[in-house]
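To start, the structure under review is shown below, and the notes come after it.
Quick note: the coordinates plus some simple rules give every number you see, no bench work behind them. Values in this document were obtained by computation on a predicted structure and should not be read as measured data. Neighbour counts are summed over all protein chains in view; Cβ atoms, including those assigned to glycine, are modelled from backbone coordinates with ideal geometry.
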Amino acid sequence: MSGRDDLFRRYCLPGNRYKKLLSARVLTGDREQALRFGRAMADDGRRASVAELEGLLAGDWREVSTACWLIGFAQRWEFRPELSRRLRAGEAGRAAKGIAFALARSGQAADAEVLAHRLAADLGGPAHRSFQPWLLVVEERLGPMVSGELLAPDGPWERWAEASTLDSSEPARWAGLVRQWVELAEAV
C-alpha cells in the first residue's frame, strides 16, 4: 500500500468525508451529528503532520479538497500561502470550495483579496460560482473591501446570476450556507 493510499483512507474516506464536504447535507441534519463531524475534522486536522497535509495537497481533487477543509477546521495557517497561490493561479479546480473555506476561516484582508481576484477572473461564465459567498463572509468580519464593484448593479455577479440556472442567485442566500460552515468550525 502506498503512502497516498494510506492518507486517502485515513483522511478522506471515514464516513465518506470528502463527499460530505461537497454538499451542505451535514449542516442540515442533526446538530449533534454535525458537531461530531466538525470535531472529527478539527481533530484530524490538528493531528495530521505537515508532511501528511502536503501529501494530501499533492493528491487528486478529493485529497486536495479534504486537506483544505482539515486545514480550515484546524486553523493550520502555515498553509495559507500555498492555498492562496493555488487560488490566485486558477489551480483550485474541484477543491475550490475547500480552499475558500480555509481562507474564509482565516478571514484576513489578504484572503479577501485572493477570493475577490479569483471571483473577478471566474465570473465570466455560469459554471463559476464558488467564491462569491466565501468572500462575503470574510468581508462580514473585516468590513466591505473588495466586493462592492463585483456586487454593483449590472456588475459581474448580476450578469453571472442572469446566465445561471440556480434556484437562487441572491448572494446573501449563498453566504448563509458559508456562514453555517464557518460557525460549525468555530463551535468545535
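When segment 9-69 is described by a simple charge dipole with +1 on each Lys and Arg Cβ and -1 on each Asp and Glu Cβ, the residue from Leu22, Leu35, Val64 located farthest towards its positive end is Leu35. The Rg/Rh ratio of segment 20-73, with both radii computed over alpha carbons and Rh defined as the Kirkwood radius, is 1.01. Here the calculated FRET efficiency for Val50 and Asp154, from their Cβ-Cβ distance with R0 = 41 Å, stands at 0.35, rounded to the nearest 0.05.
Residue-wise HN-Hα couplings along segment 75-81, as the Karplus relation 6.51 cos²θ - 1.76 cosθ + 1.60 with θ = phi - 60° gives them from phi, are 6, 8, 5, 5, 8, 3, x Hz; Gly and Pro carry x. The mean sequence distance of close C-alpha pairs (under 8 Å, at least 6 residues apart), as a share of the length of segment 13-75, puts its relative contact order at 38 percent.
The magnitude of the dipole of segment 1-42, with charges of +1 and -1 set on the Cβ of Lys/Arg and Asp/Glu and taken from the Cα centre, is near 40 debye.
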